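Novice: I'd like to ask some things about the structure below.
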Amino acid sequence: MDMGKVDLAVGMKFETRAKFRDVMRDWAVRRGWDLKLVKNEKHLILATCKNECNWKLRASSVMKSTTFQIKSIKGKHTCAHKVENKQANYKYIGKRLESFVRDNPNESLQSLKNKVRRELQIEVSDYKVYRAKKYALELIRGDVKEQYARLYDYCHTVVKHNPASSLIMKLNKEVNPPVLQRMYFCLKGMRDGFIEGCRPLIGLDGCFLKGLFKGQLLAAIGRDPNDNIYPIAVAYVEVEKYDSWEWFLNLLLRDIGSHNERGWAFISDRQKGLLEAIAELAPGAEHRFCLRHMYNNFKGKFKGQELKKMFWKAASTYNVNQHLKTMAEIQNMYPKRVGEQTPYEWLAEIPP
């Protein structure tokens, strides 16, 4: 039910007294009317207009049950729209901001204040918006915490319906109660499809999680015969470092087989700790780097269209002699200066 579009009428029923109160409050706020509860009892609510026009509403429970019903509405609102409404307390506003704050937890108070003004057509103080956002975050955290508490049940259900899949959780037991530190996810169908139908190339990457609970998502992907991206496994970790990459890769290689068995090749953008983890767990494996990420790092230090052209020429050639020739051209273009790293030196540090 979209409470803002409800027009209260005699005979309307609501599941509970609290539901009726919420709908009536929202109905009044969006129309700019401030209400006064003359009676606010368990089985009876009498409401009038706070501005003393002749509007009155009576609602009561149905046969002493939890269901509430509007029994009568008398008079009409004749007062003007109010932009300051005491019905719109911080909890009311917080509930209406909950969905937006869930997707935009870092939204500024001024932006939220403008949103309230635009959608509810009321004016609120900075402090009320602050409390409303805080309340919305509390609602969201409580909801998210409940979901985290069900992770064991979720993992059990997934494995029950996808036997031989890998869902592994690691808890941080240094705090009380223990909290989730890492989680690894690899379905049997994903794993078997990659092994049986994809080339032995594994892309590794990580990204930040920007919700209320921070962390990073690590992913391993392949390429299917149609040259589309094929997901292999993902993991949630607390931070991107050697230890977390080593943990993820160790579980991944346990699922899909070691480098010695399969001859895997890896591609990445040289994330923190990943180079060392691959060298440790898959010694001798081919490990190449994403040129797009590499160039983004390169152009941060060395700018210019000519250098861009030479970078891609050196990176894309399949001939060793041509690669060395292009690298020599880059070296001659930018001679060494004391205390400065040249483009050639930056590129030479990366294995060809």
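Novice: Quick one: what Rg and Dmax do you get for region 165-289 from the alpha carbons, in Å?
Specialist: Over region 165-289's Cα set, Rg and Dmax evaluate to 14.5, 49 Å.
Novice: Roughly how big is the chain's charge dipole about its Cα centre, with Cβ charges of +1 (Lys, Arg) and -1 (Asp, Glu), in debye to the nearest 20? Present the calculation step by step, with values, prior to reporting the outcome.
Specialist: On the way: 61 positive and 40 negative charges, 520 e Å.
About 2500 debye.
Novice: Continuing with this model, one more query. Pick out which of Asp243, Asp22, Asp192 has the largest mean-square fluctuation in a Gaussian network model of the chain, springs linking Cα atoms closer than 10 Å.
Specialist: Asp22
Novice: Continuing with this model, one more query. Cα convex hull of region 20-76: how many Å³ per residue?
Specialist: Numbers: hull volume 3.8 nm³, N = 57.
Roughly 67 Å³ of hull volume per residue.
Novice: Give a residue-ordered list of calculated ³J(HN,Hα) values for region 250-255 (Karplus: 6.51 cos²θ - 1.76 cosθ + 1.60, θ = phi - 60°; whole Hz; x for Gly, Pro).
Specialist: 4, 5, 4, 5, 5, 7
Novice: Now a separate question. Could you derive backbone 3J(HN,Hα) for region 99-104 from the dihedral phi with the Karplus parameters 6.51, -1.76 and 1.60 (θ = phi - 60°), listing whole Hz in sequence and x where the residue is Gly or Pro?
Specialist: Working through the residues one at a time gives 4, 5, 5, 4, 8, 9 Hz.
Novice: Taking the Cα atoms of region 295-352, what is the range of coordinates along each of the three principal axes, in descending order and whole Å?
Specialist: 32, 21, 20
Novice: Next question, about the same structure. Report ³J(HN,Hα) in whole Hz for each residue of region 163-174, in order, from the Karplus equation J = 6.51 cos²θ - 1.76 cosθ + 1.60 where θ = phi - 60°; Gly and Pro get x.
Specialist: Going residue by residue, I get x, 6, 7, 10, 10, 10, 10, 10, 9, 8, 8, 7 Hz, with x marking Gly and Pro.
Novice: When the convex hull of the Cα atoms of region 90-147 is projected onto a plane and the area is averaged over all directions, what value comes out in nm²?
Specialist: So the Cα hull casts an average projection of 3.5 nm².
Novice: Can you show me the helix-derived [θ] at 222 nm for the chain, built from DSSP H runs with n ≥ 4 at -39,500 (n - 2.57) apiece and divided by the number of residues, rounded to the nearest 500.
Specialist: Numbers: 13 runs with 154 residues, N = 352.
One gets -13500 deg cm²/dmol as the mean residue ellipticity at 222 nm.
Novice: Rounded to whole Å, give me the distance from the Cα center of region 75-96 to that of region 125-160.
Specialist: Their Cα centres are 28 Å away from one another.
Novice: Out of Gln87, Gln331, Gln147, any idea which swings most in a Gaussian network model of the chain, alpha carbons joined below 10 Å?
Specialist: Per the Cα network of the chain with a 10 Å cutoff, Gln331 tops the list.
Novice: Would you be so kind as to identify which of Phe298, Ala328, Gln341 lies farthest towards the positive end of the dipole of region 293-348, taking Lys and Arg as +1 and Asp and Glu as -1 on Cβ and the Cα centre as origin?
Specialist: Final value for the positive-end residue is Phe298.
Novice: Pick out, from Cys198, Asn89, Ala47, the residue whose Cα sits farthest towards the positive end of the charge dipole of the chain, with +1 on the Cβ of Lys and Arg and -1 on the Cβ of Asp and Glu.
Specialist: Going by the Cα projections, it comes out as Ala47.
Novice: Taking amide H atoms as placed 1.01 Å from N in the peptide plane, list the residues 5 or more away in sequence, or in a different chain, whose amide H sits under 5 Å from that of Asp269.
Specialist: Sorted by chain and number, the residues that satisfy this are Cys290.
Novice: If we sort 293-299, 218-224 on the protection proxy, mean other Cβ atoms within 10 Å, highest first, what's the order?
Specialist: Values: 293-299: 14.4, 218-224: 19.3.
Result, highest mean Cβ count within 10 Å first: 218-224, 293-299.
Novice: Let me ask you something else. Quick one: which residues, 5 or more positions from Gly215 or on another chain, have an amide H under 5 Å from its amide H? H modelled 1.01 Å from N in the peptide plane, none for Pro or chain starts.
Specialist: It is Leu209, by chain and number.
Novice: Note the per residue figure in Å³ for the convex hull of the C-alpha positions in the chain.
Specialist: Details: hull volume 87.4 nm³, N = 352.
In the chain, the Cα hull volume divided by residue count equals 248 Å³.
Novice: Follow-up. Would you mind ranking Trp27, Trp346 so that the residue whose beta carbon has the fewest other beta carbons within 10 Å leads the list? Mind dumping the intermediate values first?
Specialist: On the way: Trp27 18, Trp346 15.
By the 10 Å Cβ count, ascending: Trp346, Trp27.
Novice: Another question about this same structure. Between Ala136, Ala315, Ala277, where does the largest GNM mean-square fluctuation fall for the chain, given springs only between Cα atoms within less than 10 Å?
Specialist: Fluctuation is largest for Ala315.
All of the numbers you see were taken from the coordinates with simple rules; none came from a lab. Predicted model only: the values in this text are computed from it and were never measured. Cβ coordinates were reconstructed from backbone atoms using ideal geometry, including for glycine residues, and neighbour counts include every protein chain displayed.
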